[in-house]
Amino acid sequence: MSSIPIKALVRSLVSLAVMPVLAADMEFTGTAKTETGDILYQEKHRVSGSCQEGVFRPQEHQIGYYRPETDETFASKDLAYPNSVIRPTVEFLQPDFSESLSIKYPSADTLAIEWQKPSKELKRYDVTYNQDVVVDAGFDTLVRQHWGEIINGKSVDFRFLAPTRGEHYAFVVESVESSRVESDHVLQSRPTGIVLRFLVEPIILGYNADGALTDYYGLTNIRKNLDTNHTAHIRYAVEKYPDCALTP
């Protein structure tokens, strides 16, 4: 029996090593309501990504915000995950208030924020960060990365970026019981610093057994007026799951 030529064997091994990961997409819609049940707006999410080792990894995430019974967006957010699944780049626009927010990563340990305030003032921040820092929707991936720990009662510490303050703060995500959210798993994200704990209300979240977000209860990024943002209960419905698991 003839042996396999060394060059052919090497080519086969290399081709296996560089096989492309499978593309995957996820689509879901969130409906934001007031305490009294009035609809404030809808969010339509489209996430493109890939299946790596059987788990979904986001690469791009587009969000359109819609008023009830309209087909035109009043705000938008675009995220990309070129280097980290917990620290996306962010481009957020809210034209009704002439507001925009941009988060980029000019170097390996510094992120750059540009915030066009409704007052027309432009704020710029250069913020140093480490691997514990989470940005925007990267929190969702953080939860899924630590899925087994969290649903089994363990707390996970992290730092969350507050872009309009140009700083990140210590937070924890943990399982809780709440009358505000009903889901397979109910979590809360809250600051751990003594001062911030008195100033910032915890965010209550629901996840289903597959690891998909079902509920968000707390302060949103959508403005109510020039001075405050809406606090809402957002319920999510998944229209399309990726062809692989959301959690390890």
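None of Asp210, Asp227 is under 30 Å from Tyr241 (Cβ atoms) and not in a strand (DSSP E or B) except Asp210. So, in the stretch 191-213, exactly how many residues are surrounded by fewer than 19 Cβ atoms within 10 Å (Cβ to Cβ) and either over 28 Å from Ser76 (Cα atoms) or more than 15 Å from the chain's Cα centre (by Cα) (or both)? Adding up the residues that qualify gives 13.
Among the residues examined, Arg124 qualifies as loosely packed, with under 12 Cβ neighbours inside 10 Å and under 16 Å from Leu161 (Cα atoms).
Gln188 - would you say it is open to solvent by 20 Å² or more (accessible area, probe 1.4 Å), within 17 Å of Pro58 (Cβ to Cβ) and either among the polar types (S, T, N, Q) or in contact with a helix residue (DSSP H, G or I) (Cβ under 6 Å, 6 or more places away or on another chain) (or both)? So Gln188 fails the test.
Please indicate, with yes or no, whether at least one residue in the stretch 119-132 is closer than 21 Å to Leu219 by Cβ and at pLDDT below 95. For the stretch 119-132, residues closer than 21 Å to Leu219 by Cβ and at pLDDT below 95: present.
Taken over the stretch 214-239, residues that are open to solvent by less than 50 Å² (accessible area, probe 1.4 Å), out of contact with any Gly (no Cβ under 9 Å at 6 or more places or on another chain) and over 22 Å from Ser100 (Cα atoms) amount to 1. Entry remark, the stretch 131-157: residues being closer than 23 Å to Thr110 by Cα, polar (S, T, N, Q) and in contact (Cβ under 8 Å) with a residue 24 or more places away in the chain number 1 in total.
Looking across the stretch 158-189, the residues that are within 14 Å of Leu111 (Cα to Cα) and small (Gly, Ala, Ser) come down to Ala162, Gly166. Look at (1) under 30 Å from Pro248 (Cβ atoms); (2) open to solvent by 20 Å² or more (accessible area, probe 1.4 Å); (3) at pLDDT 95 or above; (4) assigned to a loop (DSSP other than H, G, I, E, B) and you find that Met19 fails only one, number (3). Inspect the stretch 101-114 for any residue being free of Cβ contacts under 8 Å to residues at least 60 places away in the same chain and of a type in the set (Val, Ile, Thr) and give the result as yes or no. Yes, the stretch 101-114 has at least one match.
Starting from residues that are of a type in the set (Val, Ile, Thr) and surrounded by 15 or more Cβ atoms within 10 Å (Cβ to Cβ), keep the ones in the stretch 101-117 and report whichever is farthest from Glu167 (Cα to Cα). The residue in question is Ile103.
Of all residues in the stretch 40-67, which are open to solvent by 60 Å² or more (accessible area, probe 1.4 Å) and assigned to a strand (DSSP E or B)? Of everything in the stretch 40-67, those that are open to solvent by 60 Å² or more (accessible area, probe 1.4 Å) and assigned to a strand (DSSP E or B) turn out to be Gln42, Lys44, Arg46, Gln52, Arg57, Gln59, Glu60, Gln62.
Which condition number does Val186 fail, the rest of (1) farther than 30 Å from Pro118 by Cβ; (2) in a loop (DSSP other than H, G, I, E, B) being met? The single condition Val186 does not satisfy is (2). Condition check for Ser183 on (1) in contact with a Ser or Thr (Cβ under 7 Å, 6 or more places away or on another chain); (2) in contact (Cβ under 8 Å) with a residue 60 or more places away in the chain; (3) among the polar types (S, T, N, Q): one failure, at (2).
The values are calculated or read from the model by the stated rules, or taken from the named source; none is laboratory data. Since we're looking at a predicted model, the values are computed, not measured. A quick note on method: Cβ atoms are made from the backbone with ideal geometry, for glycine too, and the neighbour counts reach across all protein chains shown. Note: areas computed on protein heavy atoms with side chains; ligands, DNA, RNA excluded. Shrake-Rupley method; radii C 1.70, N 1.55, O 1.52, S 1.80 Å.
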